[in-house]
1. Is there a quick way to get the dipole size of the stretch 478-605? I mean about its Cα centre, with the Cβ of Lys and Arg at +1 and of Asp and Glu at -1; what is the value in debye to the nearest 20?
2. List the aspartates and glutamates whose Cα sits under 15 Å from the Cα of K531, skipping any in the same chain fewer than 8 residues away.
3. Evaluate the charge dipole of the chain about its Cα centre and quote only its size in Debye, nearest 20, assuming +1 on the Cβ of each Lys and Arg and -1 on the Cβ of each Asp and Glu.
4. Please work out the average accessible area per residue across the stretch 249-439, using the 1.4 Å probe convention, and give it in Å².
5. Hey, if you put +1 on the Cβ of every Lys and Arg and -1 on every Asp and Glu Cβ in the chain, which of L225, T429, L414 ends up farthest toward the positive end of that dipole?
6. Quick one: if you stick a label point 7 Å off each Cα along the C-beta vector at R602 and K142, how many nm between them?
7. Under a cut-off of 17 Å between alpha-carbon atoms, report the aspartates and glutamates in cross-link reach of K606, not counting same-chain residues fewer than 8 places apart.
8. Please get the size of the charge dipole for the stretch 184-343, origin at its Cα centre, with Cβ charges of +1 on Lys and Arg and -1 on Asp and Glu, quoted in debye to the nearest 20.
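The values are calculated or read from the model by the stated rules, or taken from the named source; none is laboratory data. Not measured: the values here are computed from a predicted model. With ideal geometry, Cβ positions are generated from the backbone for all residues, glycine too; neighbour counts draw on all protein chains shown. Just the protein is used for accessible areas: all its heavy atoms, side chains included, with ligands, DNA and RNA removed. Shrake-Rupley method; radii C 1.70, N 1.55, O 1.52, S 1.80 Å.
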Amino acid sequence: MCGIVGYVGKKNAVPLLIAGLKRLEYRGYDSAGIAVVVENKISVRKTVGRLTNLEARLAQQPLAGSVAVGHTRWATHGEPSEINAHPHCDCAGRIAVVHNGIIENYHELRAALEAKGHKFLSQTDTEVIPHLIEAALRDGAKNLPDAIRAALNQARGAYALGIVSADAPDTLFAVRQGSPLIIGIGEDGDRFIASDVPAVLNRVREAIYLDDGILAELRDGSVRLTNLAGAEVPAKVQPVTLSAEAADQAGFETYMLKEIHEQPRVLRRLLEVNPLFGGGANFGLKSDYFRKLQRVMIIGCGTAYHAGMYGRLLLEQFTGLAVETDLASEFRYRDPHIDPGTLIIPVSQSGETADTLASIRLAKSWGCKVLAICNVPGSSLTRESDAVLFTEAGPEIGVASTKAYTAQQMAFALLAIWIGSARGMIDATACRSLLADLAGVPDAIHYLLDRKDSIRAIAQKHHEGPSALYLGRKFNYPTALEGALKNKEISYQHAEGYAAGEMKHGPIALINEYLPVVCICTKTSDEVYEKMISNMREVEARRGRIIALATDGDSQIARFAHDIIYVPYVRDEFSPIVNVVALQLFAYYAAQARGTDIDKPRNLAKSVTVE
Ligand code: G6P
């Protein structure tokens, strides 16, 4: 979950690294550091806290050199401190390593190295890597690449590594095993490594998505790839299609606010380019496969899991398939009795979440097909799946997911309609009508965004309490969970999402005149609306502070809600895609009122690449 950037070329690497690390700060931000090769020596600067601290240190103690690695950290092993910040070095200070991931057997490796006389400074797992390389060189490895291979043959776990050495002053080494790492090809011989494309987006137009177990040697104007046996492998250079502007803040006060506002455009584009209905891109699984399919298992983590819960409801309604959902971190450790005929649908913004990847690897070992819903081309998930439905949301920088979530919802809507049609559960007329209604969703969100001032005013009235309850039913039960998650992620107010029908089984005990209760009660054509009204009456009877989400023109709710967030009408099945945007804004303005760091909430990381 840490961020890695490295550079080799003709320029001074330091400002390039700092700019890249700034774009990666969302991956982790409790400390940062860089190592630069200067006159055949390694010079390191590290600081605790945000990147600005490192910039200040570099202003006092400048560094310059054209081969360097940088890192922004999200602590796993060892507290955030200067000592534990990366890069980490060997005893002689001639090898510096930055690392994302976990070296699982670091305890035993460290003990063995200490027994040989190696001196460790930090509590991190990472520090074993430079010492292993140093030990391999002492034990007779004939060059640095061989020493790195020898080290990696001993390390177990998931990692992406950037390595520089005073003994190879023109080379930047990179290798990955289960953690993301790309090589960026820039102008004028510039070569970069980065744990995520946005870090180097303004500098590169082509990239190599490094495969597991491949060691890259980058020099000014060249990249050489070898496998762990030392044999050369060809590099597959791919164009980078994202625009640099997509990863910029575009004048908004935060990335999150910008990404909330991008949603109408992102969803319109997804409707246009999706490969299911005429977009034409290659999809991977044929409609015949879906005709015979019996069962679907959807897995994901965090917000992506909530999208999966919503997807289940749509698939059940439109396709006649038996559908289950599970958290990837639970799925991988239970005994789910999945037969090879089950389709696995992992949902992930990053495509790098460790539990989600482990789950699909397990499912593939059982013979299942995997259809990923994912936002990042070239990510591990997309490369390991049989088919991918891209969410096309562009880089999402704010740690709390917004546009990626609504794009995941939209992708599920398209998929459910398409599978339903393929299986003969939806006729051509119904299909057209559903697609027409779905096409109205981006406009509805657009209208809702125009009302953000009234949502801000409501959020400002209710942000102070220690806790909030979010209630919803059926399609909007996942919306309640996601609304509560947004609130706790960015405002740090404890928030609980609940199926409204379950309220009497516990949360009702919490209700008093101080508890804000967000009730998602948009107008539906089925019995759920009436049931929500009953639940709101129960809250009202206990003097709870009701904040209702209601459909434009619904005057009934005003009788018992303290505050109402009105949302434009869309049909029941698609209402969660609009409703959640109201809750994103509600959480956003609550967080603003509480003065938190919205784009980089404490303790959270955007991409959880460790278990
Ligand atoms: C982290 C992020 C969440 C995200 C979850 C799953 O917790 O902070 O926003 O929903 O990981 O990530 P993924 O990339 O798999 O969607």
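1. Details: 14 positive and 17 negative charges, 83 e Å.
Once rounded to the nearest 20, the dipole reads 400 debye.
2. Once the sequence-local aspartates and glutamates are set aside, what remains near K531 is E502, E540, D572.
3. Details: 65 positive and 70 negative charges, 26 e Å.
Once rounded to the nearest 20, the dipole reads 120 debye.
4. On the way: 6620 Å² over 191 residues.
Accessible surface, normalised per residue, equals 35 Å².
5. Farthest along the dipole direction, towards plus: L225.
6. 5.5 nm
7. Filter leaves E25, D30, D196, D248, E259, E352, D355, E396, E482, E489, D597.
8. Details: 17 positive and 23 negative charges, 117 e Å.
Result for the stretch 184-343 is approximately 560 debye, rounded to the nearest 20.
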